[in-house]
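Since the structure comes first, as structure tokens, the remarks are kept for the end.
Just so it is clear, none of the values below were taken in a lab; they were calculated from the coordinates. This is a predicted model, so every value here is computed, not measured. We place every Cβ from the backbone using ideal geometry, glycine too, and count neighbours over all the protein chains shown.
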Amino acid sequence: MICAVFLDRDGTLIEDRNYLAHPDGVVLLPGVVDGLKRLRDAGYLLVVVTNQSGIGRGYYTHDDYHAVAARMEHLLAEQDIELAATRYCPHGPEDGCTCRKPLPGMVFDAATALGIDLAYSAMIGDKARDVEAGIAAGCGRNILLDPANSAAFRAAVDQILSP
């Protein structure tokens, strides 16, 4: 059985910079490195699923998104953390796509590609739409972070790893 933790990016793994378009703005949030290592060590694949409507709105390009994603992945790799997959939705809310959270398209896509058992997987995010996507996909645990709590990610990992 392959299990994963699906992770929102902005406000969950890195500081939310509101349409982040430059890799210099990538800052990992407190507790993320330790939490991801604990999840990895427990056998979970780590999968990022992120809405990036700034692309569809013309605020930045696909190349800008990929530069930011590469910077985040580099910072994680320096800590011996590898993401199994990353999925992003470049559409705006009005575009009617099936990938934009709260719809579960990105979760389903990654689960199919990696053979993930969603019932034994989890979703962590800082917005209700993240949790809604996890629920719609059938993830067994779905955790909404409190952005005001600097220990929120650590607490979410504790909840996933508790029996």
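Under the condition of being more than 19 Å from L83 (Cβ to Cβ), among the hydrophobic types (A, V, I, L, M, F, W, C) and in contact (Cβ under 8 Å) with a residue 60 or more places away in the chain, the residues counted in the stretch 122-158 number 2. Identify the residue in the stretch 148-158 that is part of a helix (DSSP H, G or I) and more than 14 Å from the chain's Cα centre (by Cα) and, among all such residues, is surrounded by the fewest Cβ atoms within 10 Å (Cβ to Cβ). That would be D158. Pairs linking a residue in the stretch 110-121 that is within 12 Å of A85 (Cα to Cα) to a residue that is of a type in the set (A, V, I, L, M, F, W, C) and in a helix (DSSP H, G or I), with Cβ atoms under 6 Å and 6 or more positions apart or on different chains, are A111/L118. Note on the stretch 120-137: residues that are under 11 Å from K101 (Cα atoms), touching a Pro at 6+ places or on another chain (Cβ under 7 Å) and surrounded by 19 or more Cβ atoms within 10 Å (Cβ to Cβ) amount to 2. For the residues L161, L76, the requirement of being of a type outside the set (S, T, Y), buried (at least 17 other Cβ atoms within 10 Å of the Cβ) and in contact with a helix residue (DSSP H, G or I) (Cβ under 8 Å, 6 or more places away or on another chain) singles out L76. Is one or more of the residues making up the stretch 10-19 on the phi < 0 side of the Ramachandran plot, part of a strand (DSSP E or B) and among the basic types (K, R)? No - not one qualifying residue is present in the stretch 10-19.
Would you check if C99 is in contact (Cβ under 8 Å) with a residue 24 or more places away in the chain, closer than 23 Å to E73 by Cβ, buried (at least 17 other Cβ atoms within 10 Å of the Cβ) and not hydroxyl-bearing (S, T, Y)? So C99 fails the test.
Within the stretch 20-33, the set of residues being under 16 Å from A77 (Cβ atoms) and assigned to a helix (DSSP H, G or I) comprises P23, V32, V33.
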